[in-house]
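The block underneath contains the structure these notes are about, expressed in structure tokens.
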Amino acid sequence: MIQVRPSEQMRGLGVVQNGAPVLAEPARAFDLSAERETAEQVIEQLFSAMERIGQVHPFAKGMGIAAPQIAIGRAAAVVQPPDPGAPAIVLLNPRITDRSSDEDEQYEGCLSFFDVRGLVPRPLRITVETTTLEGQLVTTTYERGLARLVHHEIDHLDGLLYTARMRTGVAPIPVEQYRQTGLICSCQASAQVDAADQYQGHEARGLSETGKGARR
């Protein structure tokens, strides 16, 4: 049987892979509400991509995807919390306005860098300002696993892969080596991540209406 590399599997599902210029460029913000229709179209494409990926690669701990990962250089991302009943979080023009000084270091994976996993230090709490489709500003605080996932997606919109956050001298490891560690994902228990964009966390309050309004 011919084995397909994880990165090639993601490429086949429409996920742009490491090295593509769109992943290294800051995404262009939306002018909301003037560009509401455009933003809604991008959000729908993100949901479609998430659905395709979820059919072949389960993400029991939640996942996220940013517009540059599907070759759209706009400031939009979608995060699905680990709770199957939780509404998806839509991030439009997100900006981190505050972060805790306390950090932890966990393994992360990335749909655009899927052959490896890397240890990434991130704050345990972040506060994020986003824009609704109606053009209103909303501020939400995320903690632990969900903070890590949201931060990861915002980095994509800033043109950064998680490797930019890794400590000097620390390199990603092949996914095969990572899986042999036998680590189990549970950020709240201070364990490690066992698949790309899988993090244990709780849904932050305040963005559910944005998600509902975007996905009709």
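At a Förster distance of 30 Å, what's the computed FRET efficiency of Thr139 paired with Leu13, Cβ-Cβ distance as r, to 0.05?
Efficiency, from the Cβ-Cβ distance: 0.35.
How are the C-alpha pair distances of segment 94-142 spread across 5 Å bins, as whole percents from the shortest bin up?
Calculated over all Cα pairs of segment 94-142, the distribution is 5, 18, 17, 17, 18, 15, 8, 2 percent.
Using just the Cα positions, wrap segment 1-86 in a convex hull and report its mean projected area in square nanometres, one decimal place.
Values: hull surface 27.0 nm².
For segment 1-86, the mean projected area of the Cα convex hull comes to 6.7 nm².
Quick check: at a probe of 1.4 Å, how many percent of the accessible area of segment 22-62 sits on carbon and sulfur atoms?
46 percent
Show His152, His57 ordered by accessible area, largest first, where the area counts protein heavy atoms only and the probe is 1.4 Å.
Descending order: His57, His152.
Using the eigenvalues of the Cα gyration tensor, what equivalent ellipsoid semi-axes result for segment 83-170 when each is taken as the square root of five times the eigenvalue, whole Å, largest first?
23, 15, 13
The values are calculated or read from the model by the stated rules, or taken from the named source; none is laboratory data. Fair warning: this is a prediction, and the values are worked out from it, not measured in the lab. Don't worry about glycine lacking a Cβ; one is built from the backbone with ideal geometry, like all the others, and counts go over all protein chains shown. These accessible areas exclude ligands, DNA and RNA; they are computed on the full protein's heavy atoms, side chains included. Shrake-Rupley method; radii C 1.70, N 1.55, O 1.52, S 1.80 Å.
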